[in-house]
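Asker: Take a look at the following structure, please.
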Amino acid sequence: MKKNWIACLLALAVVFTGCAQAQAQAETTVPTAEPQGELLVHYIDVGQADCILLETGGEFLLIDGGNREDGRLVVSYLEQQGVEELKAVVCTHAHEDHVGGLPSVLAVYPTQAVYAPTNTYSSQVFDSFLYYTDQQGLTVTIPQPGDVLTLGEATLTVLGPTQSYAETNDTSIVLKAEFGETGFLFTGDMETQAENDMLDYWGEAIDWQTDVLKVGHHGSDTSTGYRFLREVSPQYAVISVGAGNTYGHPHEEPLSRLEQAEAVVLRTDQLGHILASTGGQTVSFTWENQSAQPEDVEPGDGQTFIGNVNSKKFHSQTCANLPKEENQILFDSYQAALDAGYTPCGNCLE
């Protein structure tokens, strides 16, 4: 990894009210003491996969480990950051592009705790993950909504999943890290219905707004739904994705949604390793590819929404339930439709 990354300061202070734990009430303001030091969030470029390292107060926590073949890269990256022990390893879900490199990590680094949404999954790489967890004398902990992990002065609250799902992506552990007045949201590959279930479960108990969103499922249109993105309202959105991948990630639709949300998009396929840092007030970024800038990211085309003047619902352009042309009204943004008193279609705009 190049050590002389070009730095580009993209700073914005966002003040949060409330508390991320289940017992807190949205209307309650909790004063936050200014943390010492800083929180570093490394979005490691593992191609078409996820791997994120959090670092603060001399402690490290790893979320996912990329594919099996990424294990050596991840171990090398951790070594360069001076990692000697991990406070915790979190496997968001059992798919190989998230758990694959974790056996290599667990074979090298002493770890205090290992988290995953399940301790049973039929795959060789997941069995290897369980084996190296056992070799450390540990068992996989399945966290529950509301559980809180600590890392230095940072807190990580488990927000999901809030139900049981047959679809493995929807079992993804969702974590919100808070450091001072800044927040980072990590969603694994959770898809739209599970996102909405999570919003319903928490109701008004937490403030979803966050500074940096790790975009779900590598920018697939199955994730980062309208309702979820409206609640999270990120200033920055990081997409971990492989260049020229066969899935076509990131898809145009979530890029368009992020553009409308006015989020700055940073992609590992364009920037390489991405490092976010915060002292508790603002977030700034550096990245590996010195010739790239976030402005190089091509946003999705602006999207028109189609309202039904009779039902007062609005739809995406591709919805199967579009009204007849004489009953249509056009809106140039999602927010414009809401401001006009229209409600989103429950089928196409979840």
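The values are calculated or read from the model by the stated rules, or taken from the named source; none is laboratory data. Model, not experiment: these values are computed from the prediction. In this analysis, Cβ positions are derived from the backbone assuming ideal geometry, glycine residues included, and neighbour counts consider all displayed protein chains.
Asker: Look at the range 153-176 and say how many of its residues are closer than 16 Å to HIS95 by Cβ and of a type in the set (A, V, I, L, M, F, W, C).
Answerer: The number of residues fulfilling the criteria is 3.
Asker: Please state which one of ILE173, ILE206, ILE142 is assigned by TED's automatic domain parsing to the domain that holds ASP64, at pLDDT below 95 and β-branched (Val, Ile, Thr).
Answerer: Working: ILE173 fails: at pLDDT below 95; ILE142 fails: at pLDDT below 95.
Exactly one of ILE173, ILE206, ILE142 is assigned by TED's automatic domain parsing to the domain that holds ASP64, at pLDDT below 95 and β-branched (Val, Ile, Thr), namely ILE206.
Asker: In the range 159-168, which residue that is touching a residue at least 12 places away in the same chain (Cβ under 8 Å), touching a helix residue (DSSP H, G or I) at 6+ places or on another chain (Cβ under 9 Å) and more than 22 Å from LEU53 (Cβ to Cβ) is surrounded by the most Cβ atoms within 10 Å (Cβ to Cβ)?
Answerer: The first filter runs over the range 159-168 and keeps only residues touching a residue at least 12 places away in the same chain (Cβ under 8 Å), leaving 159-163, 165, 167-168.
Filter again for touching a helix residue (DSSP H, G or I) at 6+ places or on another chain (Cβ under 9 Å), leaving 159-163, 165, 167.
Among the residues that remain, those that are also more than 22 Å from LEU53 (Cβ to Cβ) are: 161-163, 165, 167.
Numbers: PRO161: 25, THR162: 18, GLN163: 14, TYR165: 18, GLU167: 14.
By that ranking, first place goes to PRO161.
Asker: Out of THR246, THR222, report the one residue that is free of Cβ contacts under 8 Å to residues at least 24 places away in the same chain, part of a loop (DSSP other than H, G, I, E, B) and in the same structural domain as ASN67 (by TED's automatic domain parsing). Walk me through how you get there before you give the answer.
Answerer: On the way: THR222 fails: free of Cβ contacts under 8 Å to residues at least 24 places away in the same chain.
From the options THR246, THR222, the qualifying one is THR246.
Asker: Let me ask you something else. Mind checking which pairs have a first residue in the range 123-135 that is of a type in the set (Phe, Trp, Tyr) and a second that is surrounded by 13 or more Cβ atoms within 10 Å (Cβ to Cβ) and in a helix (DSSP H, G or I), Cβ under 7 Å, 6 or more apart or different chains?
Answerer: Within 7 Å, the pairs are PHE126/VAL99; PHE129/VAL99; PHE129/LEU102; PHE129/PRO103; TYR132/PRO103; TYR132/LEU106; TYR132/ALA107.
Asker: How many residues are among the small types (Gly, Ala, Ser) and in contact with a strand residue (DSSP E or B) (Cβ under 6 Å, 6 or more places away or on another chain) when one looks only at the range 121-167? Reasoning before the result, please.
Answerer: First pass over the range 121-167, keeping only residues among the small types (Gly, Ala, Ser): 122-123, 128, 137, 146, 152, 154, 160, 164, 166.
After this cut, where a residue has to be in contact with a strand residue (DSSP E or B) (Cβ under 6 Å, 6 or more places away or on another chain) as well, the list is 152, 154, 160.
Total meeting the criteria: 3.
Asker: Check off (1) assigned to a loop (DSSP other than H, G, I, E, B); (2) at pLDDT 90 or above; (3) of a type in the set (D, E, K, R) for GLU27 and give me the number that stays unchecked.
Answerer: (2)
Asker: Let me ask something else. Go through the range 223-248 and give me each residue that's on the phi < 0 side of the Ramachandran plot and over 14 Å from the mean Cα position of the chain (by Cα). Even if it seems obvious, please write down each step before you answer.
Answerer: Let us first name the residues in the range 223-248 that are on the phi < 0 side of the Ramachandran plot, namely 223, 225-232, 234-243, 245-247.
Passing the criteria: TYR226, ARG227, ARG230, GLY242, ALA243, ASN245, THR246, TYR247.
Asker: Report every pair of residues separated by at least 6 positions or lying on different chains whose Cβ atoms are under 7 Å apart, first residue within the range 321-340 and assigned to a loop (DSSP other than H, G, I, E, B), second at pLDDT 80 or above and of a type in the set (Lys, Arg).
Answerer: Hits for this filter: zero, empty list.
Asker: Among the residues of the range 110-119, are any closer than 14 Å to THR92 by Cβ, without any contact (Cβ under 8 Å) to a residue 60 or more places away in the chain and β-branched (Val, Ile, Thr)?
Answerer: Restricting attention to the range 110-119, the residues satisfying the condition of being closer than 14 Å to THR92 by Cβ are 114-118.
So of that shortlist, the ones also without any contact (Cβ under 8 Å) to a residue 60 or more places away in the chain come out as 114-118.
From the residues that got through so far, the ones that are β-branched (Val, Ile, Thr) too are 114, 118.
Scanning the range 110-119 turns up at least one residue that is closer than 14 Å to THR92 by Cβ, without any contact (Cβ under 8 Å) to a residue 60 or more places away in the chain and β-branched (Val, Ile, Thr).
Asker: Can you find, within the range 137-171, the residue that is farthest from GLY279 (Cα to Cα) among those that are of a type outside the set (A, V, I, L, M) and in contact with a Ser or Thr (Cβ under 6 Å, 6 or more places away or on another chain)?
Answerer: Of the residues in the range 137-171, the ones of a type outside the set (A, V, I, L, M) are 137, 139, 141, 143-147, 150, 152-153, 155, 157, 160-165, 167-171.
Within this subset, residues satisfying the condition of being in contact with a Ser or Thr (Cβ under 6 Å, 6 or more places away or on another chain) are 145, 152, 161, 165.
On the way: PRO145: 27, GLY152: 13, PRO161: 29, TYR165: 37 Å.
The qualifying residue farthest from GLY279 (Cα to Cα) is TYR165.
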